[in-house]
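Q: Quick one: this structure, given as structure tokens, is what I'll be asking you about.
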Amino acid sequence: MPRVRLLLERTAALLRGRRGAWAAGGVLLVVCALVAVWVFGGDDEAAGPPDARARQYQDVDACLLTGEDGIEAGGPAAAVWQGMEAASGDTRARVTHVPVMGEQSAANALPHLNGLIQRDCEVVLATGRAQTETVRKAAGGHPQVRFVVVGSEAGDRTADTGNLTVVAPGDRVADEVAEAVRRAVKAVQQ
């Protein structure tokens, strides 16, 4: 015990005055550096390779405009979303959906569509009367965007023109949407 006391007294004597302040500052700096290396540093190779299951997306977004039910199972947009996900698996395009909340009118759907275009969605899909009507009216003003409308109110398939593709509802809507998205993504990437 006397040795410990002697050590503590000598350490206290060293820390007194200007030299002691500098010594304490130096010790504190070293401790902070060691903590920083421990917290933020580390060996990147020890972290291991990236997760092989993580999908590497292309810089292409396909966005779905739906009614307020969104992509609810059994809803009108569920099969469309299924087709979009299938196309995403092949093309590595990111897929998202935005429901139009409130009144289901073309006027209320327009700001949602404009939001998708401002977010740089290269492929915009729509399902539902108000949404498809809005997309059909706006498609000509945005030639750089590919549009796909789905639904019986979307018109007949002969309406496929330029940047607008029409997919009629039915048993094969998921497959037809997937193919339409694949074509649109390919067109965007060229």
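The values are calculated or read from the model by the stated rules, or taken from the named source; none is laboratory data. These numbers were taken from a predicted model, which means no experiment stands behind them. Backbone-built Cβ (ideal geometry, glycine too); neighbour counts: all protein chains shown. The protein model used for the area step is the full one, side chains on, heavy atoms only, and it has no ligands, DNA or RNA in it. Shrake-Rupley method; radii C 1.70, N 1.55, O 1.52, S 1.80 Å.
Q: Tell me the residue from Trp81, Trp38 that is at pLDDT 75 or above, closer than 19 Å to Val148 by Cα and of a type in the set (Phe, Trp, Tyr), please.
A: The match here is Trp81.
Q: Could you say which residue among Ala78, Ala73, Ala107, Ala187 is small (Gly, Ala, Ser) and surrounded by 14 or more Cβ atoms within 10 Å (Cβ to Cβ)?
A: Working: Ala73 fails: surrounded by 14 or more Cβ atoms within 10 Å (Cβ to Cβ); Ala107 fails: surrounded by 14 or more Cβ atoms within 10 Å (Cβ to Cβ); Ala187 fails: surrounded by 14 or more Cβ atoms within 10 Å (Cβ to Cβ).
Exactly one residue qualifies, and that residue is Ala78.
Q: Which residue pairs have Cβ atoms closer than 6 Å, lie 6 or more positions apart in sequence or on different chains, and pair a first residue in region 66-92 that is farther than 15 Å from Glu176 by Cβ with a second residue that is at pLDDT 90 or above and in a helix (DSSP H, G or I)?
A: Listed pairs, sorted by first residue: Ile71/Ala78; Ile71/Trp81; Thr91/Arg182; Thr91/Val185.
Q: Does region 119-126 include one or more residues that are of a type in the set (A, V, I, L, M, F, W, C), open to solvent by 10 Å² or more (accessible area, probe 1.4 Å) and outside any helix (DSSP H, G or I)? Spell out the reasoning first.
A: Our first condition is that a residue be of a type in the set (A, V, I, L, M, F, W, C); within region 119-126, this holds for 121, 123-126.
Now drop any that are not open to solvent by 10 Å² or more (accessible area, probe 1.4 Å), which leaves none.
Checked region 119-126: no residue is of a type in the set (A, V, I, L, M, F, W, C), open to solvent by 10 Å² or more (accessible area, probe 1.4 Å) and outside any helix (DSSP H, G or I).
Q: A follow-up question, please. What's the number of the only condition in (1) open to solvent by 50 Å² or more (accessible area, probe 1.4 Å); (2) modelled with pLDDT of 80 or more that Thr11 fails to meet?
A: (2)
Q: A further question on this structure: Quick one: Thr165 ticks every box in (1) part of a strand (DSSP E or B); (2) at pLDDT 95 or above except a single one, so which number is it?
A: Failed condition: (2).
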